[in-house]
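One structure is given here, and the rest of the page talks about it.
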Amino acid sequence: MTAPPSHDPRHDPRQARQWIAQAARIAVLTGAGVSAESGVPTFRDAQTGLWTHFRPEDLATEQAFRAHPQRVWDWYAERREMLRGVQPNAGHHALTAFQQRHPGRLTLITQNVDGLHQRAGSTGVLALHGNLSADRWLDPCALARRPQDACPVERAEPGRPPHCAQCGNLARPDVVWFGEMLPAETLAAASRAARECQVMLVAGTSGQVYPAAGLALQARQAGAKVIVVNPAPTELDEVAHAVLTGTSAQLLPELLDGQ
Ligand code: BV8
């Protein structure tokens, strides 16, 4: 265990590790940073290639998709392609191993849509923002007899978003876009975990996106110790009891392994 140069408990992994050891219930909130060491660019890393001139917030919206379906679809297709060769990293595995050693004690809440926690074997993952590798229909089928009936035919033509050959409905990624509500049950379960935990571990998120980032405040207000793991300052540092500067693949094993 590396002792920090200045013995400030706010920056001492040993103090954080002790809080975890004593916690009956632990909630973990992860963001794009925990996938960085798997080679997945974070959500606010500089966009590259075709996307240099777009902000993610301007692409990840229903309005953008309706206005430019091809462009938004291509952005998601490229992100899906990038995920193909990617593996979970030591941070993902440390969370899974802890869950396996202590069934029911750690609730994993993620903002990530890359599915890496699930692929690492984590269970009961509360995926607040959906799943990048799944599609759903943009609108109810215009020709269906009942609104809940899905479109019958998904026609995929190279490069175009799959669409219904009968009514023209478009398929869209099964993620939560900006301006869209989060899945109510998932958010309620995440909020309950935040309010009932003794420790909330916040790893790899800039803390800019709500309501996800608000879970850290809920945990703090309910009396939990809040621990932030990030190589850089975040918007949640002032909510935290401990701010550990480092990467998740390095610090999550340090905090969780052997517990
Ligand atoms: C909502 C899926 C109710 C899509 C994502 C105006 C109108 C409507 C809403 C709003 C509005 N103004 C504000 C809002 C609320 C809005 C919001 O919060 N906006 C922000 C930009 C201010 N929220 C919403 O719209 C949410 N819905 O509020 O509904 C509503 C409805 C209508 C009207 C009003 C309210 C929906 C939010 C969900 C958006 N979808 N993803 C997709 O992926 O394409 S969010 C997206 O951001 C990703 O999921 C990402 O995970 C998430 C959060 O970002 P981070 O994970 O933190 O990633 P980021 O790149 O920012 O930071 C990475 C961090 O990692 C950094 O800190 C870095 O230092 C660190 N790091 C780097 N390397 C490492 C590392 N950490 C550890 N180890 C490393 N190695």
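Computed values, structure above
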quantity: Among (1) free of Cβ contacts under 8 Å to residues at least 40 places away in the same chain; (2) crowded, with 19+ Cβ neighbours inside 10 Å; (3) part of a helix (DSSP H, G or I); (4) more than 9 Å from the ligand (Cβ to nearest atom), the one test that TRP73 misses; calculated: (1)
quantity: Number of the exception - ALA16 against (1) within 14 Å of the ligand (Cβ to nearest atom); (2) open to solvent by less than 20 Å² (accessible area, probe 1.4 Å); calculated: (1)
quantity: Residue in segment 86-100 that is open to solvent by 10 Å² or more (accessible area, probe 1.4 Å), more than 13 Å from the ligand (Cβ to nearest atom) and modelled with pLDDT under 95 present; calculated: no
quantity: Selection within segment 19-39 - near the ligand (Cβ under 10 Å from one of its atoms) and not small (Gly, Ala, Ser); calculated: LEU29, THR30, VAL34, GLU37
quantity: Filter result (open to solvent by 60 Å² or more (accessible area, probe 1.4 Å) and over 30 Å from the mean Cα position of the chain (by Cα)) within segment 131-154; calculated: ALA142, LEU143, ARG145, ARG146, PRO147, PRO152
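The values are calculated or read from the model by the stated rules, or taken from the named source; none is laboratory data. Given the structure is predicted, the values throughout are model-derived calculations rather than measurements. Counting neighbours? That spans all protein chains shown, and the Cβs are built from the backbone with ideal geometry, glycine included. Remember, those area values only see protein heavy atoms, side chains included, never the ligands or the DNA or RNA. Shrake-Rupley method; radii C 1.70, N 1.55, O 1.52, S 1.80 Å.
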